[in-house]
Each structure stands twice: as C-alpha cells, then as structure tokens.
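Each remark here refers to the structure printed beneath this line.
Read-outs: derived from the displayed coordinates by stated rules, not from any lab. These numbers come from a predicted model, not from an experiment. As a convention, Cβ positions derive from the backbone with ideal geometry for all residues, glycine included, and neighbour counts pool all protein chains shown.
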Amino acid sequence: MAQPGSRSEDRQDTGPSVFLSYSRDDLSFVQRLHKKLKDRGIEAHLDHDDIEKGEAWWERLQQLMTESDSVVFVLSKASAGSKVCRDEVDFAESLNKRFIPIVIDDLEDVSPPAALQRLNYIFFVADERAGATGDVDTGLDQLIRTLTTDIDWIREHTRLG
C-alpha cells in the first residue's frame, strides 16, 4: 500500500508514468510519440517540455526518472552513441527502473547501452529479423500494452493458477 501523500497514492487513478530517454537528433519523432502517449492516458515526461530554461538540467532529469514508473529508451544510431543517453541509462538502472527500448532507426553496427541489449525491443521501423513491419501504429499499440501490463502480477497469477 502506498504511503499517505506518496506519488503512487496521488496517481492511483491515472495511467503509468514514463520518462522518454532520447537523442536530440530524434526530437521530432519523440515529440509526436509524447503527444500520442498523453492522448492514450500515459503520463509521459519529456525533458524538452519538463525542464525550464535556466534550470539545472541533469538534476531535473534525475528527478523525472525517479518519479517515473518506466523509462522508454528511444533507440537510434544517435541515442545509442550518446554519452548523455548512456548516463541516463546508468542512472535509471541504479534505481532499478523498468526499461522499454523502442527502435526508430536501423542500428546497423551501433551497439546499444548494455542494460538494453538483454531486453526485447519494440520496433517502430521495419526489421525483417524481428518480424517488424515498421507500422508506427502497431509499435504504439505494443508500447501502450507493455506500459499498462504488470508482467510480475500476470506471472504470479499464472503460477498460482
């Protein structure tokens, strides 16, 4: 049970909250994703909107990640090679945050951060090896389903059944 006045108690009637980790090179895609998530009832935090000018940005990013249920990592060539994105992954990993990597670019020979390599990706681009068609609406539906599914609860329910 949530502590009185805690963030989880305050949000009990709302959907999940996510922090969007991305490279500035992918801002156009991320802004569209941000709007679509909000339209679907997901509280999505985006540094571009949630950090004021003149504010200490790294401290605010840490606060946003701490307050979010999950981190959606927008995986592209630019984000996979970004030091700031890797720092975000390291910080979120130190908090044991749930990562949901979404692929928006052909990664070719780029290596994602280690914490993401072990995870199953959601593809917003075509990837024959993963059976992904590249349909953005399908990717969005998969992301929403992932964000709203309590995997641990389902597995425990199955075990008990």
On each of the three principal axes the extent of the alpha-carbon atoms of the stretch 61-141, given in whole Å and largest first, is 36, 28, 19
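Which FRET efficiency value, to the nearest 0.05, do you get for residue 145 and residue 119 by plugging their Cβ-Cβ distance into 1/(1 + (r/R0)^6) with R0 = 25 Å? Walk me through the numbers before you get to the answer.
Numbers: r = 16 Å, r/R0 = 0.62.
The formula returns an efficiency of 0.95 here.
State, to one decimal in nm², a quarter of the convex hull surface area for the C-alpha atoms of the stretch 34-86, i.e. the direction-averaged projected area.
Details: hull surface 17.3 nm².
Over all viewing directions, the stretch 34-86 projects a mean Cα-hull area of 4.3 nm².
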Cross-link reach from residue 97 to aspartates and glutamates, straight Cα distance under 12 Å and at least 8 residues apart if same chain, gives 67, 69, 88
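What number in nm² do you get for the stretch 26-161 if you take the convex hull of its Cα atoms and divide its surface by four? Kindly include the intermediate steps, with their values, before the conclusion.
On the way: hull surface 37.9 nm².
Over all viewing directions, the stretch 26-161 projects a mean Cα-hull area of 9.5 nm².
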Subtracting the Cα-Cα distance of residue 39 and residue 93 from 0.36 nm times their residue separation yields 16.7 nm
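For residue 60 and residue 127 in one chain, what is 0.36 nm times their gap in residues minus the Cα-Cα distance, to one decimal in nm?
Details: separation 67, 0.36 × 67 = 24.12 nm, distance 3.48 nm.
Stretched fully, the residue 60-residue 127 segment lengthens by 20.6 nm.
Under 14 Å from the Cβ of residue 118, count the other residues' Cβ atoms, weight Lys and Arg +1, Asp and Glu -1, and hand me the total.
0
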